[in-house]
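What follows is one structure encoded as structure tokens, with my remarks underneath.
The values are calculated or read from the model by the stated rules, or taken from the named source; none is laboratory data. Given the structure is predicted, the values throughout are model-derived calculations rather than measurements. Here the Cβ is made from the backbone with ideal geometry for all residues, glycine too, and neighbour counts use every protein chain on show.
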Amino acid sequence: MTSVAIIIRTFNEEKWIRHCLEACESQEAPFDINIVLIDTGSQDSTIELIKEKGYNYIQYKDKYIPGKVLNKAINSVLADYYVILSSHCIPSDNNWLEVLIKPLLKDKNIAGVFGRQIPLPNSEDIDKRDLLMTFGCESRYQYKDPFFHNANSALRGELIRQINFCEKQTNAEDRIWAKKMIEKGYCLFYESEAKVFHHHGLHQGSPPARVSGVLKSIINTSDENIDLFPKSMTIGYLRISFIILLPDYIDADLKRIKLIIDFLRNYLGKNGHILLISEESLKLDQVINVLRNSLKTKKNESLSKLIFEASNFINEKKCTQDLFVYLNLSYVDINKINIEKIIEYMINSNYDMCTFVTPSYDHLWYVSDNDKNKKSFTYKPLEDNLLSADYRQIPYKALYGLGSIFNLKALRDGKFPAKLTGLIEPYKNTNINRFRKNDLY
């Protein structure tokens with residue numbers, strides 16, 4: 001049977017590596033497939049995710065030179081063909097591998113094949129423009145042009161073993177190798193149907209307005225639908241866990257809690273979890289119920305510390321998650337519509353965290369000096385000018401417990417809110433009041 005080694009380089013790819021691996025595992029191709037992972041010093045959850053999937057990996061500790069890294073991985077395994085796939089590239093369907101290898105099987109004069117890269121819905125406009133302009137919809141032979149791209153490529157095994165990638169250049173190792181192949185009388189092939197999703201672009205620069213205008217024209221003339229995510233990055237397949245706080249200042253309404261938990265199950269995906277923090281055990285099915293006094297975070301400490309302690313509990317005891325959602329049951333109107341809204345908003349953005357907010361038209365004051373030795377405090381307004389709402393920059397009031405969602409980077413940084421936080425208003429008719437025992441506030 002034809003053997004194919006898929007070489008995947010990783011460096012801090014926790015956001016993408018699971019989706020990349022699952023797409024590779026789903027390939028329907030008549031090959032003996034070996035996935036080879038080589039990590040160049042990841043400091044995030046990449047290695048944990050690789051281990052959770054049951055893979056071994058090669059550690060590369062030298063100075064990063066792409067050709068050197070790839071050669072180390074290639075020389076670790078013998079195969080008829082080698083596929084080079086960036087860990088933040090996700091094959092778009094189950095036939096990607098077979099389609100990518102097929103030209104090499106049909107034409108012995110082809111040294112290497114590279115496939116199409118399409119942007120994700122949340123890619124920046126400049127990245128969408130670059131990918132759509134560079135990777136067209138027609139397959140072609142290249143007899144003179146050495147353009148080649150190792151984010152999504154396949155190489156003839158005997159040739160890459162004879163002539164390895166350049167180990168001196170810090171980039172363009174793919175193009176240098178392709179030029180050598182053409183000089184030896186071989187050709188290259190661009191296979192437009194071997195597609196991967198690629199979040200990043202190829203170049204930087206250009207004014208945003210011009211980029212958006214060019215992108216609009218490209219989209220109007222393109223055959224590619226760029227509004228689709230890989231299946232593993234959609235609701236129902238993402239690993240989403242919910243951290244629910246039942247504070248001690250409200251009563252435990254079991255009927256309401258069960259109703260909320262029932263609709264949250266629709267968003268867990270295959271390995272998501274629901275963790276409920278409460279004063280007493282509520283004995284709910286398929287819920288991780290953690291008693292508040294069993295946690296290290298004290299009640300007078302930051303909410304962010306409590307949320308991250310609970311998040312790490314899920315990651316360590318269960319499996320690494322894609323996203324976490326925090327909810328506080330003191331909010332009157334926790335509902336399915338808003339949960340779906342904030343998850344969709346997060347998926348379609350590049351934020352590390354998103355939270356619900358509401359515009360605040362109040363003029364607020366704060367205590368600037370609360371020296372206990374003084375007879376009176378010093379107060380200051382947040383805004384000096386008493387402008388009407390039409391002429392003010394309206395601040396927003398955070399509704400963290402109505403729904404806040406964050407990723408592994410925010411968790412690792414220990415920032416809540418995260419440095420890169422998106423704000424979204426709940427649906428218009430949402431009741432944003434909160435319970436406190438028998439009252440609302």
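Assorted remarks:
- Filtered residues of the stretch 153-174 (kept if within 29 Å of the chain's Cα centre (by Cα) and over 22 Å from Ser192 (Cα atoms)): Thr170, Asn171
- Pick from the stretch 1-26, criterion surrounded by fewer than 21 Cβ atoms within 10 Å (Cβ to Cβ) and more than 15 Å from Lys231 (Cα to Cα), ranking: modelled with the lowest pLDDT: Met1
- Taking the stretch 235-271 as the range and being within 24 Å of Glu52 (Cβ to Cβ), in contact with an Asp or Glu (Cβ under 7 Å, 6 or more places away or on another chain) and assigned to a loop (DSSP other than H, G, I, E, B) as the test, the residues that pass are Leu238, Arg239.
- Test: residue in the stretch 90-97 that is small (Gly, Ala, Ser) and modelled with pLDDT of 95 or more: yes
- With respect to the stated conditions, Ser281 fails to be of a type in the set (S, T, N, Q) and under 30 Å from Ser26 (Cα atoms).
- Candidate set from the stretch 29-52 (those that are surrounded by fewer than 17 Cβ atoms within 10 Å (Cβ to Cβ) and not charged (D, E, K, R)); member that is farthest from Glu316 (Cα to Cα): Pro30
- Of all the residues in the stretch 129-147, those that are in contact (Cβ under 8 Å) with a residue 60 or more places away in the chain and in contact with a strand residue (DSSP E or B) (Cβ under 9 Å, 6 or more places away or on another chain) number 4.
- Contacts under 7 angstrom Cβ, first residue in the stretch 148-159 being assigned by TED's automatic domain parsing to the domain that holds Ser87, partner surrounded by fewer than 20 Cβ atoms within 10 Å (Cβ to Cβ) and among the acidic types (Asp, Glu), 6 or more apart: Gly157/Asp80
- Test: residue in the stretch 346-363 that is at pLDDT below 90, aromatic (Phe, Trp, Tyr) and in contact with a Phe, Trp or Tyr (Cβ under 6 Å, 6 or more places away or on another chain): no
- In this entry, Asp413 passes the filter for residues that are modelled with pLDDT under 90, surrounded by fewer than 19 Cβ atoms within 10 Å (Cβ to Cβ), under 19 Å from Ile243 (Cβ atoms) and out of contact with any strand residue (DSSP E or B) (no Cβ under 7 Å at 6 or more places or on another chain).
- Residue in the stretch 178-188 that is surrounded by the most Cβ atoms within 10 Å (Cβ to Cβ), counting only those that are hydrophobic (A, V, I, L, M, F, W, C) and assigned to a helix (DSSP H, G or I): Ala178
- Selection count, the stretch 51-96, where residues are within 20 Å of Ala194 (Cα to Cα) and of a type in the set (D, E, K, R): 2
- For the residues Ile226, Ile260, the requirement of being at pLDDT 90 or above, surrounded by 14 or more Cβ atoms within 10 Å (Cβ to Cβ) and among the β-branched types (Val, Ile, Thr) singles out Ile260.
- Residue list for the stretch 74-98, restricted to those being surrounded by fewer than 22 Cβ atoms within 10 Å (Cβ to Cβ) and β-branched (Val, Ile, Thr): Val77
- Of the candidates Asp130, Asp145, the single residue that is in a helix (DSSP H, G or I) and either assigned by TED's automatic domain parsing to the domain that holds Asp62 or over 22 Å from Ser3 (Cβ atoms) (or both) is Asp130.
- Ala111 vs. criteria over 17 Å from Cys187 (Cβ atoms) and crowded, with 17+ Cβ neighbours inside 10 Å: no
- Residue match in the stretch 386-399 (condition: closer than 25 Å to Ile235 by Cβ, surrounded by 11 or more Cβ atoms within 10 Å (Cβ to Cβ) and at pLDDT 95 or above): yes
- Scanning the stretch 149-177 for residues that are polar (S, T, N, Q) and not in a helix (DSSP H, G or I) turns up Asn150, Asn152, Ser153, Asn164, Gln169, Thr170, Asn171.
- Lys144 out of contact with any Phe, Trp or Tyr (no Cβ under 9 Å at 6 or more places or on another chain) and surrounded by fewer than 19 Cβ atoms within 10 Å (Cβ to Cβ): yes
- None of Leu387, Leu411 is of a type in the set (A, V, I, L, M, F, W, C) and touching a residue at least 12 places away in the same chain (Cβ under 8 Å) except Leu411.
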